[in-house]
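Asker: One structure, as structure tokens, below. Some questions next.
The values are calculated or read from the model by the stated rules, or taken from the named source; none is laboratory data. Keep in mind the model is a prediction, meaning the values are calculated, not measured. No Cβ is skipped: glycine too gets one built from the backbone with ideal geometry, and neighbour counts run over all protein chains shown. When the accessible area is computed, the model is the full protein with side chains, heavy atoms only, and any ligands, DNA or RNA have been set aside. Shrake-Rupley method; radii C 1.70, N 1.55, O 1.52, S 1.80 Å.
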Amino acid sequence: MEINILSVGNLKETYLKNGINEYDKRLKSYAKINFVEVVESNKGTIDEQKKEEGERLLKRLKEDSFLIALAIQGKSITSEGLALLIKEVTTYKSSSITFIIGGSNGLDQAVLDKADYLLSFSSFTFPHQLMRLILVEQIYRSMKINKNEQYHK
């Protein structure tokens, strides 16, 4: 199984890098994790920035990967629901899943349209950099759930 986390912007905060690295280490026995960053846009209007970032994201997609875009308007599911989604996708659809995290302005409509699944973690708005850590923790939790292994609640 291959999991790609495609996101806008460079991760700068050491505490976030440390957390992500810890979960990346833990995930190695479950899946191959690839982190791919595209440059955040700062030119033009918000829509123009989203469009530019969207084009960069779309260029980095793998054709055979199941695409899950993180979006407020997506479906809200539980940790068990995410585990089931990952299990179903990797069993019946693709051995590769790509999670897409937009920049501070969100994702362009072209990216949302390309996605196979829209996932909402919350009605809250999280900084996109922090979302990487939250996502990788939930992927790890999903792996533990799917293997019937204990993980703290």
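Asker: Quick check for me: using +1 on Lys/Arg Cβ and -1 on Asp/Glu Cβ, what's the dipole size of the chain about its Cα centre, in debye to the nearest 20?
Answerer: 500
Asker: Let me check against my output: what whole-number percent is the relative contact order of the chain, with C-alpha pairs under 8 Å and at least 6 apart?
Answerer: Worked out over the chain, it gives 33 percent.
Asker: Need the list of lysines near Lys62 for cross-linking: C-alpha distance under 21 angstrom, and skip anything on the same chain fewer than eight residues off.
Answerer: Straight-line reach from Lys62, under 21 Å: Lys28, Lys32, Lys50, Lys51, Lys87, Lys93, Lys114.
Asker: While we're looking at this one, here's another question. What accessible area per residue, rounded to a whole number of Å², is obtained for the range 38-121 using a probe radius of 1.4 Å?
Answerer: 55
Asker: Using only Cα atoms, tell me the angle between helix 14-27 and the longest principal axis of the chain; keep it within 0 to 90° and round to the nearest 10.
Answerer: 40
Asker: Right, next: Quote to one decimal, in nm, the extra length available between Ser104 and Asn21 on full extension: 0.36 nm per residue of separation minus the C-alpha distance between them.
Answerer: That works out to 27.7 nm of additional length.
Asker: Further, regarding this structure: Computing the accessible area with a 1.4 Å probe over protein heavy atoms, can you report the carbon and sulfur percentage for the chain?
Answerer: Exposed carbon and sulfur together represent 49 percent of the surface.
Asker: Something else: What FRET efficiency comes out for the pair Lys12/Asp47, r = Cβ-Cβ distance, R0 = 22 Å, nearest 0.05?
Answerer: Result of the calculation: an efficiency of 0.30.
Asker: If the cut-off is 18 Å between C-alpha atoms, which lysines fall inside it for Lys25, apart from same-chain ones fewer than 8 positions away?
Answerer: Leaving aside lysines fewer than 8 places away in the same chain, those within reach of Lys25 are Lys17, Lys144, Lys147.
Asker: Which of Leu82, Leu118, Leu11 ends up with the largest GNM mean-square fluctuation for the chain, with Cα atoms connected below 10 Å?
Answerer: Taking springs between Cα atoms under 10 Å, the residue moving most is Leu11.
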